[in-house]
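The block underneath contains the structure these notes are about, expressed in structure tokens.
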Amino acid sequence: MPKPKTAISPTRAENYPEWYQQVVKAADLAENSDVRGCMVIKPWGYAIWENIQRHLDAMFKATGHENAYFPLFIPMSFLEKEAEHVEGFAKECAVVTHHRLEPDGQGGLQPAPSAKLEEPLIVRPTSETIIGATFARWVQSYRDLPILINQWANVVRWELRTRMFLRTAEFLWQEGHTVHASEQEAREETRQMLDVYADFAEGVMAMPVIKGEKTAGERFPGAVATYSIEALMQDRKALQAGTSHFLGQNFAKAQDIKFQNVDGELQFAWTTSWGVSTRLVGGLIMTHSDDDGLVLPPRLAPAQVVILPVYRNEEERNSVMPYCETLKMELTAEQFASEPVRARIDDRDLRGGDKRWQWIKRGVPLVLEIGPRDIAEDKVFLKRRDVDGKGDPVLRKELVSTVANRLAEIQQSLFERAAALRSEASVKIDSLEKFEEFFAESAPGGLAYCHFVDSPAMDAKLKELKCTVRCVPLDAPSESGKCIFTGEASNRRGVFARAY
RNA sequence: CGGGGCGUGGCGCAGUCUGGUAGCGCGCAUCGUUCGGGACGAUGAAGUCGCAGGUUCAAAUCCUGUCGCCCCGACCA
């Protein structure tokens, strides 16, 4: 049987969405569950999420936030308090109506009519309302502010069409919720957390992002302003990777979050909320992976170095294994990005080629093979995941002293590769004609920077082209121009793209 | 909610039109030969054919009902 050229089939070029599914499967990240739209996150995928959590959590704490936990259930009436919020989420809420089951008389179960809840509970799609109601009790004086809270949780949004990690009915995330005495402070918080997300995405995930503000149509329901980080995937579609919302006094008024200021006057507080989810894992996959499977940036890799012992018999094993064990200890004594290098030995009773390909598909940055021949020369055989080729022999001593540098190099090169794709796919467009060409069905697409003014005409055109306005970049220079859709005057460009 | 498709060992499928002993590939287990880029051979374990009725001497196959899943659309802070 001829060896397939690539570990993943189809390739990205052949069928990108199918390639994505196959990578998730081949890398052992997750699988579909018995519940529609919900996935089982497997150990390798969950370990990546844990690394994401660990880094973000440290960044949240470094900016003064504390973790807390609020209920999974929210009384239905809470959702009704903020009109726009209802509009946004009501259509996709799971509702709990009973608290007991009973036999249905046909061998099955049914909700007991006598156990019907007086007021239905919804499973949180996001927690602004319940957290806001709680905050209302916590806040009385300006001395109680600011409140800076984060929670790690699961939420449910009954999406009709789901894709693993990118959009699932239940997903894991963190949601930050803060309360401030002044508008300015709340606005600064919103922007600070957007910066945290961007720093994390670029520094830890090696995923370049654009920081920007959402247009009115794309705003979080109930928010005054929504900011996001937007990343470009390898198929040139954009992915919203994180959002930070300035909620103004909307939720404070809806939920009665009031305090007395220095002058004894009663005022509504200013709130923010911000979140990222397991969708980041989807972004990670689509930013770096190739036709042999997942490619992990070292800072998030559950294992940064995997050692594969090669031996044919017990005698060889007895010399190879201790060599590997010592090497592993030497490697884990090294530091990369202020953490011990994560190395592991794969001594499973599997064929060598099989094992090697498993780790390639799982995206491990460095894979080492060590057999009697290497030991004789005090070498290891090193394969770097992000570059083509079989690998090279390296002196053991040299490997140990350079492992941190090599990981840093991979981290850097992944970022640069992604940034290069993005700049190649980014263009300024100043006419509707060019815009239509750029987003034509047959065109590769990408990021189009255009002058625009929100209008029904624009919405219609975007819908026709299956394209969306992603954001107005915060670092966009002010320049005068004309909206490509209506010709109205505009002083800033927005980013347009097809999106997930 | 509209259109289409599919439910058969762990996974992927054939068999259904034309009713007659449930099959194939992968995976799994054992043994042997192999082994530095995805091995090969032999043997073996594993399925009440989504569920419930009906027709029939006989149903994976035909009929009725029902449940579930997938794809396309609509929807998607």
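The values are calculated or read from the model by the stated rules, or taken from the named source; none is laboratory data. Computed from a prediction, not measured in an experiment: that's the story for all the values here. No Cβ is skipped: glycine too gets one built from the backbone with ideal geometry, and neighbour counts run over all protein chains shown. To get the accessible areas, we keep the full protein, side chains included, count just its heavy atoms, and leave off ligands, DNA and RNA. Shrake-Rupley method; radii C 1.70, N 1.55, O 1.52, S 1.80 Å.
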Exercise for the section: Test A:VAL367 against the criterion of being under 35 Å from the mean Cα position of the chain (by Cα), within 14 Å of RNA strand B (Cβ to nearest atom), modelled with pLDDT of 95 or more and of a type outside the set (Ser, Thr, Tyr), and give yes or no. Expected result: yes
Exercise for the section: Given the conditions (1) within 20 Å of A:ARG163 (Cβ to Cβ); (2) touching a residue at least 12 places away in the same chain (Cβ under 8 Å); (3) within 15 Å of RNA strand B (Cβ to nearest atom), report the number of the one that A:GLU18 does not fulfil. Expected result: (2)
Exercise for the section: Output yes when any residue across the range A:332-349 is within 15 Å of A:TYR311 (Cα to Cα), open to solvent by 50 Å² or more (accessible area, probe 1.4 Å) and within 12 Å of RNA strand B (Cβ to nearest atom), and no when none is. Expected result: yes
Practice task
For A:SER77, indicate whether it is without any contact (Cβ under 8 Å) to a residue 12 or more places away in the chain and polar (S, T, N, Q).
Solution key: no
Problem - Residue check for A:GLY283: touching a helix residue (DSSP H, G or I) at 6+ places or on another chain (Cβ under 9 Å) and open to solvent by less than 10 Å² (accessible area, probe 1.4 Å) - result: yes
Exercise for the section: Filter the range A:137-162 down to the residues that are hydroxyl-bearing (Ser, Thr, Tyr) and at pLDDT 95 or above, then identify the one that is farthest from RNA strand B (Cβ to nearest atom). Expected result: A:SER141
Completion exercise
Counted residues in the range A:21-51 being of a type in the set (Val, Ile, Thr) and within 15 Å of RNA strand B (Cβ to nearest atom) come to 4
Practice task
Working only within the range A:407-442, note down all residues that are closer than 17 Å to A:LEU300 by Cα and touching a helix residue (DSSP H, G or I) at 6+ places or on another chain (Cβ under 7 Å).
Solution key: A:LEU414, A:PHE415, A:ALA418
Practice task
Can you work out which of the residues in the range A:238-264 that are within 16 Å of RNA strand B (Cβ to nearest atom) and among the aromatic types (Phe, Trp, Tyr) is surrounded by the most Cβ atoms within 10 Å (Cβ to Cβ)?
Solution key: A:PHE251
Exercise for the section: Considering each residue of the range A:300-319, count those that are in a loop (DSSP other than H, G, I, E, B) and modelled with pLDDT of 95 or more, and give that number. Expected result: 5
Exercise for the section: Report whether or not A:PRO322 is part of a loop (DSSP other than H, G, I, E, B) and at negative phi. Expected result: no
Exercise for the section: Name the single residue, out of those in the range A:113-143 being among the β-branched types (Val, Ile, Thr) and more than 30 Å from A:GLU265 (Cβ to Cβ), that is most open to solvent (accessible area, probe 1.4 Å). Expected result: A:VAL123
Practice task
Can you tell me which residue within the range A:163-188, out of those that are near RNA strand B (Cβ under 10 Å from one of its atoms) and either outside the structural domain of A:ALA241 (by TED's automatic domain parsing) or part of a strand (DSSP E or B) (or both), is least open to solvent (accessible area, probe 1.4 Å)?
Solution key: A:GLU175
Completion exercise
Flagged pairs (Cβ under 8 angstrom, 6 or more apart or on separate chains; first in the range A:83-106, assigned to a loop (DSSP other than H, G, I, E, B); second at pLDDT below 85 and within 13 Å of RNA strand B (Cβ to nearest atom)) are A:CYS93/A:LEU79
Problem - The one condition in (1) buried (at least 21 other Cβ atoms within 10 Å of the Cβ); (2) more than 14 Å from RNA strand B (Cβ to nearest atom) that A:ALA231 fails to fulfil - result: (2)
Completion exercise
Filter the range A:78-112 for residues that are open to solvent by less than 40 Å² (accessible area, probe 1.4 Å) and of a type outside the set (A, V, I, L, M); the one that is modelled with the lowest pLDDT is A:GLY108
Problem - strands (runs of 3 or more DSSP E) wholly inside the range A:350-427 that include at least 3 residues being of a type in the set (A, V, I, L, M) - result: A:366-370
